[in-house]
Structures are given as structure tokens and as C-alpha cells.
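The structure appears right after this line, and notes come after that.
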Amino acid sequence: MDDLPLRLLPGVTLPEGLDERVLMRVIGGVVRAAHPRRPPDPHEGEVIEETFVRSITRRGGWHVRFGYHRNAHARSRYDKSEQAEGTLQLDRHGSVISVRLGPLRSALDGA
């Protein structure tokens, strides 16, 4: 499985005790299972993908809001990018309790 880049949005810090590699592995695995890598289109070029963390809060364990952004039409003059939102719950030891990823929607829909 290829690693998707994971970045923290401005204002989000990784709390002590929460391993970034765990987040990258779990979030990347869920995203890749739901949205397999697409081959590059000869007219549109490479598919641009990114995962990002919107927020991390402490609720007994950890509650992480994340997103996935994909632009398979990077050369298009119109914005055809898509985005999905998800949540991840980890217990206080970093084990996954639940993870959910919504459907891809147009990034123009305000997702």
C-alpha cells in the first residue's frame, strides 16, 4: 500500500502520546480501501491526493476529524476536485475504536 501524505491543518497540533505514524497508517488505509489509487489520465496527468487532519480532541481517548482531497483532473480549467470527510476514534492507548469516511463530493459544494 502506498503512503498518502498526511498533514495537520494550521492550528492543529499532534498531542503528546499520539503517534503520527498510527494516524497516517489508519487514515491512509481507510482512504485507500474506499478510494483506490486511480491511474494517471493521458490528458489530465497525475492524480493529486492529500489527507489532512482538521482537529484532534481528547474524549476519553482521541477523536480525530480528517479529510481526503483528490483532484484527478489537475490540468482541467475547471475545478473538478473531490473531497471526503471522516472521523477516527482511538482509545487512550492508541487502538482504533471506530473509523468512518464519507463519500467523495465536489470540493465546490463546501465540503
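Rule-based calculations on the coordinates, nothing more; no lab input. On a predicted model such as this, the values are computed, not experimentally measured, just so you know. Every residue, glycine among them, receives a Cβ derived from its backbone with ideal geometry; neighbour counts consider all protein chains shown.
The table below lists the values:
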quantity: Dipole moment magnitude, nearest 20 debye, the chain about Cα centre, only Lys, Arg, Asp, Glu C-beta charged; calculated: 280 debye
quantity: Normalised contact order of segment 1-89, rounded percent, pairs of Cα under 8 Å and 6 or more residues apart; calculated: 27 percent
quantity: 5 angstrom amide H check on Ser55, placed H, neighbours 5+ away; calculated: Arg65
quantity: Loop-exposed GluC sites (Glu not before Pro) per DSSP, neighbour cap 13 Cβ within 10 angstrom, longest uninterrupted part of the chain; calculated: 47-111
quantity: Inverse mean reciprocal Cα-Cα distance (Kirkwood Rh) of segment 9-86, Å; calculated: 14.1 Å
quantity: Set of segment 1-39 residues, backbone N closer than 18 Å to the point 7 Å along the Cα-Cβ line of Arg58; calculated: 12-20
quantity: Whole-Hz couplings from phi, Karplus 6.51/-1.76/1.60, listed for segment 36-52; x for Gly and Pro; calculated: x, 4, 8, x, x, 8, x, 9, 9, x, 5, 7, 9, 10, 7, 10, 8
quantity: Whole-Hz ³J(HN,Hα) from phi, Karplus 6.51 cos²θ - 1.76 cosθ + 1.60, for segment 64-72, glycine and proline x; calculated: 10, 9, 9, x, 10, 10, 9, 10, 8
quantity: Coil-residue trypsin sites (Lys or Arg not before Pro) of segment 17-111, DSSP, other Cβ within 10 Å capped at 16; calculated: Arg37, Arg75, Arg77, Lys80, Arg92
quantity: C-alpha long axis of helix 20-34 to longest principal axis of the chain, angle in °; calculated: 50 degrees
quantity: Charge dipole (the chain, unit charges on Cβ, about Cα centre) - positive-most of Val99, Gly60, Leu8; calculated: Gly60
quantity: Simple spin-label estimate for Ile48 and Ser76 in nanometres, 7 Å along Cα-Cβ; calculated: 1.3 nm
quantity: In order through segment 87-99: 3J(HN,Hα) via Karplus (6.51 cos²θ - 1.76 cosθ + 1.60), integer Hz, x for Gly, Pro; calculated: 9, 9, 10, 10, 6, 5, 9, x, 7, 6, 9, 7, 8
